[in-house]
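Have a look at the structure below before the remarks.
The values are calculated or read from the model by the stated rules, or taken from the named source; none is laboratory data. These figures come from a predicted structure and were not determined experimentally. No Cβ is skipped: glycine too gets one built from the backbone with ideal geometry, and neighbour counts run over all protein chains shown.
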Amino acid sequence: MADDNANTESNLPEKCIFCDIVNGTVDKEKVIYKDDNLVVFPDRSPVSTHHYLVVTKEHIRDAKHLDGNHVQIVEKMVNVGKQILQNNGGNVDDVRMGFHWPPFHSVNHLHLHVISPQTQMRFIPRGIFKVNSPWFVSPVWVLARLKKAAGEKN
C-alpha cells in the first residue's frame, strides 16, 4: 500500500529558471528592472538590438492561464516594457511585443517579449515571433480575451 504522504517527484514544484531570476538566486546582475510585481531582464538569445523579457514575480504558467483578474498586470507588463525600451534607447514605434501561446514556449512562466527594432529581425525570428499566430499573441489580443472573460467591454 502506497504512503499518501510520500514526497514523490510528481508532487514537487517544477524547476523554473524565471522564478530563480525573480528570487535572485541566478543571474540577478542581469535584472534591469524590479518592482513588487515584475522583473525585467534581457533575453539570453536576442533577436534584435533590444530584446527584453517582462516577467511576473508570481509564477503564472503562461498567458493561457490568465483570467479576467489579470487585466491590470498585463497592462502593467506592457507599460513597463515600453518604459524599459525607451530608457535603453529603443524605439517604441518599431516594437514587437507578445506572449508565446502554449504549447509553444520554452519556459513555463508568464513573460512578455519586448523586441525593437522589429524591422531588424531576421527571417526565422520573424516567424517565431509572428504576432497573432497560433504560437505568439499580442498583448492587445490577450487583453481583449481577459476583458471578455471579466465581462468588460473594449
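Anything in the stretch 81-108 that is out of contact with any Asp or Glu (no Cβ under 8 Å at 6 or more places or on another chain) and in a strand (DSSP E or B)? List them, or say none.
Initially, the stretch 81-108 is screened for residues out of contact with any Asp or Glu (no Cβ under 8 Å at 6 or more places or on another chain), giving 81-98, 103-104, 106-107.
Listed by number, the residues that qualify are ARG96, MET97, GLY98.
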> Which of the residues belonging to the stretch 117-139 are in a helix (DSSP H, G or I) and either more than 14 Å from LEU66 (Cβ to Cβ) or touching a His at 6+ places or on another chain (Cβ under 6 Å) (or both)?
Replying inline: GLN118, THR119, GLN120, PHE123, ILE124, PRO125, ARG126, GLY127, ILE128
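Please verify whether ILE124 is within 16 Å of SER45 (Cβ to Cβ) and more than 11 Å from the chain's Cα centre (by Cα), treating the condition exactly as stated.
Yes: the conditions hold for ILE124.
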>> Could you check the stretch 1-37 and list, in sequence order, the residues that are exposed (fewer than 10 other Cβ atoms within 10 Å of the Cβ) and at pLDDT 95 or above?
In response: ASP36
>> Checking the condition assigned to a helix (DSSP H, G or I), in contact (Cβ under 8 Å) with a residue 12 or more places away in the chain, hydrophobic (A, V, I, L, M, F, W, C) and surrounded by 15 or more Cβ atoms within 10 Å (Cβ to Cβ), which residue from VAL47, VAL78, VAL114, VAL40 passes?
In response: VAL78
> Does any residue of the stretch 90-105 turn out to be closer than 19 Å to LEU38 by Cβ, surrounded by fewer than 14 Cβ atoms within 10 Å (Cβ to Cβ) and not basic (Lys, Arg)?
Replying inline: yes
